Amino acid sequence: MFYLKVLEITSLYTILVLGIYLMTGLTGLFSLGQGGFVSIGAYTAAIVYMRFGLPFPLALAFAIVVGAVLGFLVGIPTLRLRRDYFLLVTFGLGEMVRAGLLYLAQLTGGALGMAGMPKKVGLPLILGSIVVITFITYSLKRSRFGRDCIAIRDDEMAASMMGINVYAHKIKVFMISSAITAYGGALYAFNILFIEPNLFNWLESAKLIIITFVGGLNSIAGVIAASAIYYSFGEFFRFIDVWRDVLLAVVVVLVIIFRPGGLFQGLSLLPSKLKRKGR
Amino acid sequence: MNWNILLQQIVNGISLGGVYALMAVGFGLIFNVLKFSNFSHGGVVTLTAYIGFFLSKYLIANFIVTFVLTAAAGGMAAVVIERLVFRPIRRKGYPISMLIVNSITVAMLVQQFFAVTLGANYYSYPNFIKETALHLGNLTVSKIYLLMLGISAVVLGALTYVIRKTKIGIAIRAVSSDISTPSLMGVNVDFVISVAFFFSGVLGGITGYLLGMTFTVDPFIGSMILKGIIASIIGGMGSILGGVIAGLLLGAAESLLIAEIGAALTPMVIYGSIILLLLVRPQGIAGKITEVKA
Amino acid sequence: MEILKVEGISKRFGGVVAVESFSMLQRENQISGIIGPNGAGKTTVFNLITGAASVDQGRIVFMGREITRFPAHRRTDLGIARTFQNIRLFGNLTVLDNMKVAHDMKVRYTLWEEMLRLQRVRRQEREIDEKARYFLAYLGLDSYADQKPQNLSYGIQRRLELARTLMTEPRIVLLDEPAAGLNPHEVRGLMDTIRKIQEENALTIVIVEHHMELIMNICSLIHVLDFGKKIAEGEPDAIKKNEQVLQAYLGEEV
């Protein structure tokens with residue numbers, strides 16, 4: 001029973017990590033505001049279901065759509081900024097979401113949060129979601145989308161010289177990431193059954209980024225592995241749970257210095273024998 | 001509108017703004033030299049806030065001594081961080097994103113470390129100043145706030161002098177504009193970078209001390225760095241004067257807004273304005289746009 | 001036929017005038033060159049033509065279309081390709097992927113199809129793969145397909161940059177100091193390669209270079225820049241004897 005819980009939580013967080021993989025791992029966009037999308041997804045689904053009585057699948061769909069639309073609206077002005085500024089602006093936006101959720105207490109329950117959601121989300125849905133998201137991510141990575149992401153990350157200017165519309169591409173990446181992240185938030189709401197505005201702050205967003213780096217920027221499997229280890233570790237070793245973050249930090253610093261491809265850099269989803277020629 | 005209250009808010013805000021300015025400059029210094037956003041500065045602020053507390057509580061209850069020691073500790077911490085965490089990355093020629101990620105990690109490390117070890121307690125600096133307020137006409141100004149403002153002004157003035165007139169200051173500026181050429185002229189670039197980090201760390205130490213003195217010391221005090229970073233961006237990354245002006249403005253604006261519309265909405269207005277500003281003028285108030293060389 | 005017409009373009013960076021009133025006309029099947037002392041503004045001219053920088057004044061007309069305000073990626077899609085002074089290959093992509101990226105703008109599947117990896121996607125990917133391998137082989141680089149650029153020698157990297165331009169289906173190719181860092185033997189190989197590419201693909205080529213042997217041998221038209229201004233234009237023989245050109249280069253190695 002306990003192990004089930006651990007698996008559920010670990011998998012939920014892994015969805016969030018996968019959510020930023022395309023954006024941060026492949027394209028090099030750092031956002032400290034992903035927590036905002038988690039919250040938005042969670043609250044959208046919860047409000048749609050609880051306050052408007054719409055069926056659960058629709059609530060999930062709403063969360064995804066709102067996530068994507070918000071990603072578009074946020075991305076349009078901010079993705080023209082340089083990397084550091086984008087990082088900070090997204091932090092600001094995350095904070096704005098938090099403040100907004102607190103302020104709109106009539107709708108969201110304010111600081112008290114929202115509770116009472118039925119447990120609609122169990123392990124099958126979570127794991128199934130991971131499979132689907134991984135498939136989509138992998139498909140994108142293998143084709144033009146992924147190549148262009150990596151090119152943009154490596155050298156934006158050269159990428160545009162090769163005919164890539166860098167701005168448009170970044171917007172697409174951001175929208176997809178936001179949609180996945182919001183979806184993860186919605187799942188969270190109906191699994192953990194309690195949400196509040198401080199659910200996912202900038203530190204948690206930072207952790208997602210860090211785990212992505214540890215797992216390996218070019219390896220989806222690596223990122224999943226790193227996420228699984230980190231989040232389950234915390235559940236199993238609750239008593240030193242707090243030291244987990246310190247340990248993570250030390251590991252990350254070392255990994256970046258000595259093994260910048262990531263701890264699991266060689267890991268790939270399909271064993272090399274199964275891979276087609278030319279990837 | 002009650003002008004007295006308004007003025008009061010502004011004065012309070014400007015004093016806090018002085019600290020924001022300190023943070024902005026400390027952050028901007030590294031941005032100039034190594035061209036990346038050094039989030040570990042927040043970690044230095046947190047660390048020194050604690051150090052300052054322990055020094056003044058358990059060692060010597062003298063303001064000046066503990067202040068100087070804390071500032072020095074900040075400088076050394078920053079140098080150590082540079083040596084251990086940033087230099088290896090620089091040496092191996094990794095992309096800047098790695099530096100950013102590692103700097104965030106260090107900030108997280110410091111915060112979580114203190115959350116784990118000392119987080120449960122709230123620490124307050126001993127009171128150095130009798131009579132906490134000063135009365136100027138109709139205004140009541142907290143002495144602590146005045147002190148913050150005064151120290152910030154002095155420190156920033158000194159820094160400006162060092163950067164403009166001393167040899168090391170010129171060296172720092174040289175490395176800022178081009179990281180490889182100065183070494184061809186016999187400048188030890190690594191040393192200059194260490195010095196820049198030392199200065200930045202001293203600023204961080206002063207910030208940590210002042211913040212710890214004004215508010216209580218907790219592991220999240222370093223998160224204030226984000227305000228400093230915001231000030232740095234508004235002012236134009238890399239411009240000391242811009243950072244100062246922006247810091248003061250931010251402090252005053254924040255203070256006014258909280259009084260007028262409350263602490264809940266204030267972040268929204270501030271962040272919203274900053275986003276608008278960046279969209280219209282991405283280089284901030286005093287910064288320059290750099291074009292990428294092909 | 002005119003492929004590229006540049007009319008009086010100017011660019012300043014801060015207080016420095018990088019390029020002033022530069023004009024040129026490039027016809028099809030032509031190889032022309034831009035030379036000048038260091039800092040004369042040659043790379044800036046390329047940046048302005050390709051859209052890496054925007055002109056302060058002037059017009060750029062490509063194949064009869066005014067592209068002065070077009071973004072860089074659109075110009076590439078229309079057929080303007082370039083190589084860089086400092087090689088700018090994508091370090092985290094294999095050689096093969098570096099090639100594919102240059103063709104990605106022409107790809108005809110949608111994002112949704114991509115996410116689901118439909119038949120159409122797989123088919124087009126196969127086509128891109130074949131095309132990339134073809135051009136790699138064309139320049140003798142096929143054995144390097146799965147390697148990362150940083151493992152290749154400098155000369156090979158330069159050739160890869162050349163091969164990459166072909167993937168963009170260009171009408172005009174701008175080469176920015178393609179001979180930099182090459183030894184005399186490699187330079188001669190480069191000259192042959194440039195001629196071959198030009199003939200077999202009906203391209204028009206503009207080269208920025210310091211290497212006089214290369215320029216004088218393969219260019220039919222040469223423009224000379226000094227301090228951002230054009231000081232001479234003509235055939236190689238005329239340029240060699242031009243007083244102003246010689247003066248501009250006085251003190252510089254020719």
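The values are calculated or read from the model by the stated rules, or taken from the named source; none is laboratory data. Just so it is clear, the structure is predicted and the values come from calculations on it, not from any experiment. So basically every Cβ, Gly included, is an ideal-geometry build from the backbone, and we count neighbours across all protein chains shown.
Quick notes
- Filter result (buried (at least 24 other Cβ atoms within 10 Å of the Cβ) and out of contact with any Leu (no Cβ under 9 Å at 6 or more places or on another chain)) within region B:178-201: B:Gly201
- Entirely in region B:1-111, the helices (runs of 4 or more DSSP H) that have 3 or more residues that are among the aliphatic types (A, V, I, L, M): B:3-34, B:40-54, B:63-81
- C:Asn92 vs. criteria modelled with pLDDT under 95 and surrounded by fewer than 18 Cβ atoms within 10 Å (Cβ to Cβ): no
- Top-ranked residue of region B:232-245 - restricted to ones that are more than 11 Å from chain A (Cβ to nearest Cβ) and part of a helix (DSSP H, G or I), ranked as surrounded by the fewest Cβ atoms within 10 Å (Cβ to Cβ): B:Leu241
- Number of residues in region A:91-139 that are of a type outside the set (Val, Ile, Thr) and within 14 Å of chain B (Cβ to nearest Cβ): the value is 17.
- Verdict on A:Ile152 being under 15 Å from the mean Cα position of the chain (by Cα), buried (at least 19 other Cβ atoms within 10 Å of the Cβ) and more than 7 Å from chain C (Cβ to nearest Cβ): no
- Considering only residues in region C:68-96 that are touching a strand residue (DSSP E or B) at 6+ places or on another chain (Cβ under 8 Å), more than 8 Å from every other protein chain (Cβ to nearest Cβ) and part of a loop (DSSP other than H, G, I, E, B), the one that is nearest to C:Val55 (Cα to Cα) turns out to be C:Thr68.
- Region A:70-87, subset more than 22 Å from B:Ile100 (Cα to Cα) and without any contact (Cβ under 8 Å) to a residue 40 or more places away in the chain, residue nearest to the chain's Cα centre (by Cα): A:Leu73
- Among the numbered conditions (1) within 14 Å of another protein chain (Cβ to nearest Cβ); (2) among the hydrophobic types (A, V, I, L, M, F, W, C); (3) in contact with a Pro (Cβ under 9 Å, 6 or more places away or on another chain); (4) in contact (Cβ under 8 Å) with a residue 12 or more places away in the chain, the only one that A:Phe56 does not meet is (1).
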